[in-house]
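Right, one structure below, let's go through it.
The values are calculated or read from the model by the stated rules, or taken from the named source; none is laboratory data. Only a predicted model underlies this, so the values are computations on that prediction, with no experimental measurement involved. Glycine also receives a Cβ, built like all others from the backbone with ideal geometry; neighbour counts cover every protein chain displayed.
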Amino acid sequence: MIYNLPFLTVVALIAIGMYAMLFKKNLIKIAIGLTIVESGVNLFLITLGYREGGIAPIFTNLPPGMSPEEIPEKMVLPVPQALTLTSIVIGVAVLALILSLAIRIYRHYGTLNAEEVRRLKE
Amino acid sequence: MNLMEHLPALIIAIPLITAFLTPLVDRASKKARNVLVFISLLITFILVVLLVQRVFDKGIITYVMGASNPTETIPKQAAVPIRIVLEIDGLSAFMLLISIFISFIGLIYSFAHIKEGGGRFYTLFLLMVVGMIGMELTGDLFNLFVFLEILSISSAALIAFEFKRATTIEAGIKYIIISSISALFVLFAVGLFYGEYDLLNMAAIANEIGGALSHIDKIALILLFSAFAMKAGIAPMHMWMPDAYGEAPGAISMVLIATTQASLYALLRVCFTIYNEALHVVFPIALILLGLASIFIGVTMALLQDDIKRLIAYAAVAEVGYIVLAIGAGLYGFLGGGDKFASLEMWKVALKGGIFHIFNDVLDIGLLFLVAGGIIYVTKERSLNKLGGLAHSMKYSSILFLIGLAAVAGLPPMNGFASKIIIYESIYGVSPILSIVAILASIVMLAIFVKIFHAIFTGPKLAEHGEVPKYMLASMIVLAGLIIFFGLFPDIVLKNLVNPAVNALMEYGKYISAVMG
Amino acid sequence: MIESVEIYWNPLVWLIAFIVIAIVAYIIRAFGKKEHKKGEQAKPFLSGVEEPSKEAVHVRGGNVYWGFVEALKGYYGAMKKMHSGRVNDYVAWFVVIASILFVVLFALEAIL
């Protein structure tokens with residue numbers, strides 16, 4: 001059960017984020033919802049990488065009393081961490097773009113309410 | 001070092017490096033910047049043509065980053081090979097050729113209307129090309145996500161490029177929000193695959209999925225399907241499309257069509273390659289229904305519009321509907337649905353029609369967007385209620401626009417007719433109703449373009465205007481020439497480009513074995 | 001030229017049809033009265049009212065198909081409601097499609 005906790009958190013995060021994206025009208029809050037979904041996905045990726053008793057895949061920094069021969073069995077594959085890092089970097093870029101566009105929206109429309117930021121419709 | 005071996009990597013690297021050189025060169029000289037961007041894209045174009053030639057000669061090409069073959073692992077004892085593999089088959093080659101060609105035409109066009117902020121514009125433009133091409137080159141799901149995000153970010157910034165107009169910003173923020181949410185669900189699906197199989201390579205995942213689907217496979221399929229369907233602009237997830245296409249500056253509207261089709265390509269990859277015969281029959285039916293909805297909503301909503309570009313954008317929604325309808329019918333037959341349909345092998349024809357229409361859609365709607373962009377550039381006016389009588393001063397543009405709208409409406413002898421007749425006749429096997437709706441929608445499409453042509457070009461001369469700039473005219477003429485040429489000789493495209501693409505879709509085994517050995 | 005299982009199309013056929021139609025149209029046109037005069041006869045007759053200038057009576061693009069839209073008011077009302085322009089709705093449609101697929105796929109499994 002305790003091992004499922006991260007996955008439950010992932011589901012909760014994505015649900016909260018989607019709730020914000022679907023029902024919140026403020027564009028900043030929508031951006032926050034997007035980041036919460038993103039954190040959920042990132043947490044999911046990083047949880048996948050967890051192995052009980054695994055060690056970091058760094059050859060020069062092995063725990064004491066461990067020889068390089070028995071490595072591959074104990075070492076975790078660093079792929080999920082790499083994926084998460086990439087995803088975080090992309091997330092920062094997306095968030096920066098959304099916020100900078102939101103600033104311009106505010107200058108033009110005088111509001112950040114999604115109900116009013118809809119000159120493009122029909 | 002054999003340069004030909006490294007073509008796939010070079011095709012990504014050259015525009016990527018040039019993209020970051022552009023702002024530096026821009027500081028020195030505007031002209032040098034234009035020349036640099038032009039040359040880099042020209043080289044990429046040539047390399048793509050060489051690569052496509054190679055794919056058609058030798059079959060599927062795989063390119064492994066950092067190793068000599070895809071299955072090699074470091075350290076040797078590890079079981080899982082994880083690395084970026086670029087894999088190019090007939091379908092990727094077809095899409096690559098379209099993307100780079102449209103980007104090239106778009107670049108030439110943009111020389112005419114980009115006056116200030118060119119350094120930013122061309123950086124983003126090249127990044128968009130990189131994202132689009134990367135999506136079509138890669139054989140790795142996570143890499144696909146990365147290129148999808150590069151594409152989304154750069155296109156969103158380009159849509160909002162004319163930031164003095166409020167509506168462009170609105171379109172940009174809407175586009176980036178829906179793009180990033182769909183990309184996040186793609187990433188979630190990638191995570192599901194990684195958790196289940198410890199794999200990221202599309203061919204390897206397809207190999208593991210085999211016959212039956214587990215629950216995780218199904219969830220991943222639903223997420224990938226809806227996310228890519230949203231990015232491809234299939235109704236009812238098309239609402240961002242009129243906003244983005246309608247507000248983007250001149251040439252970008254056209255290149256955005258090619259980027260949408262890169263997402264459509266990803267959808268095809270998921271359906272035909274990763275899941276192939278294990279795909280549930282619900283999905284082709286969903287594609288057919290959503291395709292019909294796209295056609296119907298696209299044409300009827302286009303009738304309402306008063307903004308010239310927004311009207312064409314709704315027509316683009318309908319065109320995507322035709323592609324999706326035909327591909328859905330093809331997929332239906334591929335999975336063994338529709339008895340009469342399968343026995344006649346009409347589903348292969350439907351698939352052919354759909355793939356061919358991808359090519360025609362980008363040419364036809366692209367030409368209309370270019371002419372519309374030229375009109376907006378010359379008159380500074382977007383509303384159909386204020387334009388009128390432009391045929392007096394813009395003779396060439398009006399003729400080119402007429403060619404484009406005849407092609408979109410599917411009138412012979414334009415290329416739009418060549419692919420639409422294949423679609424009409426082949427989807428008749430699934431249900432005659434599909435053909436009827438498709439043909440009726442085509443007629444309404446003609447009615448829409450009667451409206452737009454009447455509003456812009458006919459009537460008395462209302463104001464004095466010149467012809468569009470030379471660069472714009474040149475790129476429009478190239479597209480119009482191709483539209484007529486491929487309308488008269490559709491067999492050239494069908495035999496040389498579409499057939500290999502359709503075969504690549506059906507022979508998913510080859511795609512898998514190219515990586516798995 | 002397209003030739004596959006059951007589909008055949010040749011632009012040449014279309015060209016011949018075009019020429020035939022053009023000839024027929026020319027023949028019909030040839031029946032027209034020879035004594036037609038330009039100028040006086042070409043003007044529209046508006047019960048003696050002076051004809052307004054062409055610029056003033058030009059039908060703008062927004063007015064075309066007004067009747068069509070008016071007749072399908074119910075449909076277009078629903079469509080306008082659907083295309084609300086709210087970014088939340090854009091995301092909502094994605095969720096709707098995904099959940100329909102989810103229900104169909106997993107419900108089918110349970111039924112069969």
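Can you confirm whether B:LEU303 is away from chain C (no Cβ under 11 Å) and over 13 Å from B:GLY233 (Cβ atoms)?
no
So, in region B:409-422, exactly how many residues are within 11 Å of B:HIS357 (Cα to Cα) and facing chain C (nearest Cβ under 10 Å)?
Final tally of qualifying residues: 5.
Just one of (1) over 23 Å from B:ASP140 (Cα atoms); (2) at pLDDT below 85 trips up A:PRO78, so point out which.
With respect to (1) over 23 Å from B:ASP140 (Cα atoms); (2) at pLDDT below 85, A:PRO78 is out only on (1).
Scan region C:22-30 and tell me whether some residue there is of a type in the set (Lys, Arg) and either within 18 Å of B:PRO412 (Cβ to Cβ) or within 14 Å of another protein chain (Cβ to nearest Cβ) (or both). Working first, answer last.
Pass one, region C:22-30, residues of a type in the set (Lys, Arg): C:29.
Now narrow it down to the ones that are either within 18 Å of B:PRO412 (Cβ to Cβ) or within 14 Å of another protein chain (Cβ to nearest Cβ) (or both): none.
The answer is no, given that none of the residues of region C:22-30 is of a type in the set (Lys, Arg) and either within 18 Å of B:PRO412 (Cβ to Cβ) or within 14 Å of another protein chain (Cβ to nearest Cβ) (or both).
Among the residues of region B:391-404, write down those that are surrounded by 24 or more Cβ atoms within 10 Å (Cβ to Cβ) and within 14 Å of another protein chain (Cβ to nearest Cβ).
Of everything in region B:391-404, just one residue is surrounded by 24 or more Cβ atoms within 10 Å (Cβ to Cβ) and within 14 Å of another protein chain (Cβ to nearest Cβ), namely B:PHE401.
Evaluate the following for B:SER155: is it crowded, with 24+ Cβ neighbours inside 10 Å, within 25 Å of B:ILE205 (Cα to Cα) and of a type in the set (Gly, Ala, Ser)?
In short, no.
Taking the stated definitions as given, is B:GLY459 farther than 15 Å from B:ALA326 by Cβ and in contact with a Pro (Cβ under 8 Å, 6 or more places away or on another chain)?
On the way: farther than 15 Å from B:ALA326 by Cβ: yes; in contact with a Pro (Cβ under 8 Å, 6 or more places away or on another chain): no.
Considered against the rule, which asks whether it is farther than 15 Å from B:ALA326 by Cβ and in contact with a Pro (Cβ under 8 Å, 6 or more places away or on another chain), B:GLY459 comes out as no.
Are there any pairs with C-beta distances below 7 angstrom linking a residue in region A:15-31 that is more than 11 Å from chain C (Cβ to nearest Cβ) and more than 10 Å from C:ASN88 (Cα to Cα) to a residue that is among the acidic types (Asp, Glu) and part of a helix (DSSP H, G or I), with the two at least 6 apart or on different chains, and if so which?
Correct list of pairs: empty, since none qualify.
Take the residues in region B:160-184 that are surrounded by fewer than 24 Cβ atoms within 10 Å (Cβ to Cβ) and of a type in the set (Phe, Trp, Tyr); name whichever of them is nearest to B:VAL146 (Cα to Cα).
B:PHE161
Looking at B:ILE108, B:ILE61, can you tell me which residue is over 30 Å from B:VAL468 (Cα atoms) and of a type outside the set (Phe, Trp, Tyr)?
Details: B:ILE108 fails: over 30 Å from B:VAL468 (Cα atoms).
From the options B:ILE108, B:ILE61, the qualifying one is B:ILE61.
Of the residues B:ILE297, B:ILE323, which is within 18 Å of C:GLY85 (Cα to Cα), of a type outside the set (Gly, Ala, Ser) and touching a His at 6+ places or on another chain (Cβ under 8 Å)? Before you say what the answer is, go through the steps one by one.
Details: B:ILE323 fails: within 18 Å of C:GLY85 (Cα to Cα).
That would be B:ILE297, the only listed residue that is within 18 Å of C:GLY85 (Cα to Cα), of a type outside the set (Gly, Ala, Ser) and touching a His at 6+ places or on another chain (Cβ under 8 Å).
For residues that are aromatic (Phe, Trp, Tyr), over 19 Å from the mean Cα position of the chain (by Cα) and part of a helix (DSSP H, G or I), scanning just region B:470-517, find the one that is nearest to the other protein chains (Cβ to nearest Cβ).
Step one: filter region B:470-517 for residues aromatic (Phe, Trp, Tyr), giving B:471, B:485-486, B:489, B:508, B:511.
Checking which are over 19 Å from the mean Cα position of the chain (by Cα) leaves us with B:471, B:485, B:489, B:508, B:511.
Then keep just the ones that are part of a helix (DSSP H, G or I); that gives B:471, B:485, B:508, B:511.
Values: B:TYR471: 27, B:PHE485: 11, B:TYR508: 21, B:TYR511: 23 Å.
Checking each candidate, the answer is B:PHE485.
Taking region B:160-169 on its own, how many of its residues are more than 10 Å from chain A (Cβ to nearest Cβ) and assigned to a helix (DSSP H, G or I)? Even if it seems obvious, please write down each step before you answer.
Taking region B:160-169 first, the residues more than 10 Å from chain A (Cβ to nearest Cβ) are B:161-162.
Those left that are additionally assigned to a helix (DSSP H, G or I): none.
Residues that pass the stated criteria total 0.
Here are B:ILE448, B:ILE433, B:ILE439: which of them is closer than 25 Å to B:GLY246 by Cβ and not hydroxyl-bearing (Ser, Thr, Tyr)? So that I can check it myself, show each step before the final result.
Working: B:ILE433 fails: closer than 25 Å to B:GLY246 by Cβ; B:ILE439 fails: closer than 25 Å to B:GLY246 by Cβ.
None of the other options fit; the residue is B:ILE448.
Specify the residue that is surrounded by the fewest Cβ atoms within 10 Å (Cβ to Cβ); the eligible residues are those in region B:428-480 that are of a type in the set (S, T, N, Q) and modelled with pLDDT of 90 or more.
Pass one, region B:428-480, residues of a type in the set (S, T, N, Q): B:431, B:435, B:442, B:458, B:475.
Among the residues that remain, those that are also modelled with pLDDT of 90 or more are: B:435, B:442, B:475.
Working: B:SER435: 18, B:SER442: 22, B:SER475: 25.
Among them, the one singled out is B:SER435.
When you look at B:PHE142, is it within 11 Å of chain A (Cβ to nearest Cβ), of a type in the set (Phe, Trp, Tyr) and within 25 Å of A:ALA102 (Cα to Cα), yes or no? Break it down stepwise before answering.
Values: within 11 Å of chain A (Cβ to nearest Cβ): yes; of a type in the set (Phe, Trp, Tyr): yes; within 25 Å of A:ALA102 (Cα to Cα): no.
Criteria not met by B:PHE142.
I'd like to know if region C:86-109 contains one or more residues that are surrounded by 15 or more Cβ atoms within 10 Å (Cβ to Cβ), touching a helix residue (DSSP H, G or I) at 6+ places or on another chain (Cβ under 7 Å), within 14 Å of chain A (Cβ to nearest Cβ) and small (Gly, Ala, Ser).
Yes, the conditions are met somewhere in region C:86-109.
Quick one: would you say C:SER4 is within 11 Å of chain B (Cβ to nearest Cβ) and at pLDDT 85 or above? Spell out how you get there, then give the answer.
Working: within 11 Å of chain B (Cβ to nearest Cβ): yes; at pLDDT 85 or above: no.
So C:SER4 fails the test.
Which one of these does A:TYR106 not meet: (1) closer than 29 Å to B:VAL146 by Cα; (2) away from chain C (no Cβ under 14 Å)?
Just one mismatch for A:TYR106, condition (1).
So which residues in region B:420-443 are out of contact with any Lys or Arg (no Cβ under 9 Å at 6 or more places or on another chain) and of a type in the set (Ser, Thr, Tyr)? So that I can check it myself, show each step before the final result.
Pass one, region B:420-443, residues out of contact with any Lys or Arg (no Cβ under 9 Å at 6 or more places or on another chain): B:420-421, B:423-425, B:427-428, B:430-437, B:440-441, B:443.
Hits for region B:420-443 are B:TYR424, B:TYR428, B:SER431, B:SER435.
Considering each of B:ILE297, B:ILE274, B:ILE308 in turn, give the residue that is surrounded by fewer than 24 Cβ atoms within 10 Å (Cβ to Cβ), touching a residue at least 12 places away in the same chain (Cβ under 8 Å) and at negative phi. Show your work before the answer.
On the way: B:ILE274 fails: surrounded by fewer than 24 Cβ atoms within 10 Å (Cβ to Cβ); B:ILE308 fails: surrounded by fewer than 24 Cβ atoms within 10 Å (Cβ to Cβ).
None of the other options fit; the residue is B:ILE297.
Which members of region A:1-30 meet the condition of being in contact with a strand residue (DSSP E or B) (Cβ under 7 Å, 6 or more places away or on another chain) and charged (D, E, K, R)? Talk me through it step by step, then tell me what you get.
In the first step, residues of region A:1-30 are kept if they are in contact with a strand residue (DSSP E or B) (Cβ under 7 Å, 6 or more places away or on another chain); the result is A:25-26.
A:LYS25, the sole residue that qualifies.
Applying the selection to region B:274-288, what residues are in a helix (DSSP H, G or I), in contact with a Leu (Cβ under 9 Å, 6 or more places away or on another chain) and within 13 Å of chain C (Cβ to nearest Cβ)?
B:ALA278, B:VAL282, B:PHE283, B:PRO284, B:ALA286, B:LEU287
Consider region C:34-69. How many of its residues are touching a helix residue (DSSP H, G or I) at 6+ places or on another chain (Cβ under 7 Å) and among the charged types (D, E, K, R)?
Qualifying residue count for the region: 1.
What number of residues in region C:55-112 are at pLDDT 90 or above and of a type in the set (Phe, Trp, Tyr)?
6
Please give the helices (runs of 4 or more DSSP H) falling wholly within region B:170-273 in which 3 or more residues are within 12 Å of chain C (Cβ to nearest Cβ).
Working: elements: B:202-209, B:215-232, B:240-247, B:250-268.
Of the helices (runs of 4 or more DSSP H) lying wholly inside region B:170-273, those with at least 3 residues that are within 12 Å of chain C (Cβ to nearest Cβ) span B:215-232, B:240-247.
Among the listed residues B:VAL371, B:VAL349, B:VAL324, which satisfies the condition of being in contact (Cβ under 8 Å) with a residue 24 or more places away in the chain, crowded, with 24+ Cβ neighbours inside 10 Å and under 16 Å from the mean Cα position of the chain (by Cα)? Walk me through it before giving the result.
Working: B:VAL371 fails: under 16 Å from the mean Cα position of the chain (by Cα); B:VAL349 fails: under 16 Å from the mean Cα position of the chain (by Cα).
On inspection, the qualifying residue turns out to be B:VAL324.
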